[in-house]
Amino acid sequence: MPHTDTTSSTLAFIGGGNMASAIIGGLIKQGTPAESILVIEPFEEARQRIEREFKIKTHPTAGPELEKASLVIWAVKPQVFKEAALQTGRFCKQALHLSVAAGIRSDSIAQWLRSERVVRAMPNTPALVGLGQTGLFARPAVTPADKQWIERIVATTGQHLWVDDETLLDAVTAISGSGPAYVFFFIEAMVEAGVNMGLTQAQAHQLAVGTFVGASELARSASEPPAILRERVTSKGGTTYAAITAMQEAGISAQFQAALVAAQQRAAEMGQAFGD
């Protein structure tokens with residue numbers, strides 16, 4: 001039975017970017033000792049930032065210190081995953097592996113690491129503020145205890161859900177993984193429109209961001225579906241009706257859904273492109 005105590009096991013991160021920092025920050029806030037966390041990060045500037053911010057050990061390259069790791073979290077860019085795995089895998093054969101790299105299939109990861117204890121995660125950037133959404137898929141060799149451990153790790157960054165079919169992680173990528181950028185895109189447009197209407201940049205930004213925050217919280221806490229919530233603020237012939245009608249006539253819903261399908265397809269392509 002693998003050791004699944006996050007307060008005493010060594011956790012190793014391969015890559016020290018934003019997502020690794022989000023998880024590390026959440027773990028430390030929830031009581032994981034800094035001395036139990038190790039980061040392998042080739043870029044000196046990134047290592048210095050991690051050491052300064054979290055007071056944890058870092059190394060520029062993988063080595064025998066990884067043999068102590070009970071859980072290895074892969075937070076590298078998809079295009080360098082294979083190289084990193086082939087260099088690192090021999091030091092952590094007994095570990096449970098969690099990948100947060102977009103697109104890379106668990107078949108490829110298991111082959112590169114010569115381990116079947118692999119969980120794939122698709123997080124998103126609101127994890128940086130503890131409001132992330134993470135989709136998870138586990139290979140058959142991953143035990144219930146392993147899954148509970150992974151859940152405790154990702155719970156430090158927000159909410160999570162498991163999918164039984166790995167291809168559904170491409171849908172998770174399209175909806176929530178890339179999703180924050182869609183929200184920022186609409187916020188940008190609202191701010192620009194507000195400025196064009198005579199508001200200051202600061203005023204338009206406050207109104208746009210605050211509206212997304214408030215509406216999202218309303219959608220989260222309400223028992224009714226979003227369509228009903230939308231109808232409640234759309235009086236026939238009113239201002240909201242004018243805006244929604246203009247968007248419907250422009251086919252924005254269909255275009256937006258097509259954009260999500262494009263993201264889903266690209267996620268599948270990345271798995272093929274970087275998974276050989």
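The values are calculated or read from the model by the stated rules, or taken from the named source; none is laboratory data. No experiment lies behind these values; they were computed from the predicted model shown. Neighbour counts are summed over all protein chains in view; Cβ atoms, including those assigned to glycine, are modelled from backbone coordinates with ideal geometry.
Summed over segment 70-89, residues that are over 20 Å from P123 (Cβ atoms) and touching a residue at least 12 places away in the same chain (Cβ under 8 Å) total 6.
The residue that is modelled with the highest pLDDT, counting only those in segment 122-151 that are in contact with a Gly (Cβ under 7 Å, 6 or more places away or on another chain) and among the small types (G, A, S), is G132.
From the list T234, T245, T240, T211, the lone residue that is polar (S, T, N, Q), within 27 Å of T157 (Cα to Cα) and either outside the structural domain of Q111 (by TED's automatic domain parsing) or part of a helix (DSSP H, G or I) (or both) is T211.
Among the residues of segment 153-178, the one identified as more than 14 Å from the chain's Cα centre (by Cα), surrounded by 15 or more Cβ atoms within 10 Å (Cβ to Cβ) and in contact (Cβ under 8 Å) with a residue 40 or more places away in the chain is E166. Applying the set (1) loosely packed, with under 15 Cβ neighbours inside 10 Å; (2) hydrophobic (A, V, I, L, M, F, W, C); (3) touching a Pro at 6+ places or on another chain (Cβ under 6 Å) to V100 leaves exactly one unmet item: (1). Would segment 112-124 turn up any residue that is part of a helix (DSSP H, G or I), out of contact with any Ser or Thr (no Cβ under 6 Å at 6 or more places or on another chain) and under 22 Å from T156 (Cβ atoms)? No - not one qualifying residue is present in segment 112-124. When segment 60-87 is filtered for residues that are β-branched (V, I, T) and at pLDDT 95 or above, the ones remaining, listed by number, are V72, I73. If the condition is being loosely packed, with under 13 Cβ neighbours inside 10 Å, in a helix (DSSP H, G or I) and aliphatic (A, V, I, L, M), then segment 179-197 contributes A181, A189, A193. Return the total of residues in segment 45-69 being touching a Phe, Trp or Tyr at 6+ places or on another chain (Cβ under 8 Å) and assigned to a loop (DSSP other than H, G, I, E, B). Residues flagged as touching a Phe, Trp or Tyr at 6+ places or on another chain (Cβ under 8 Å) and assigned to a loop (DSSP other than H, G, I, E, B) within segment 45-69 amount to 2.
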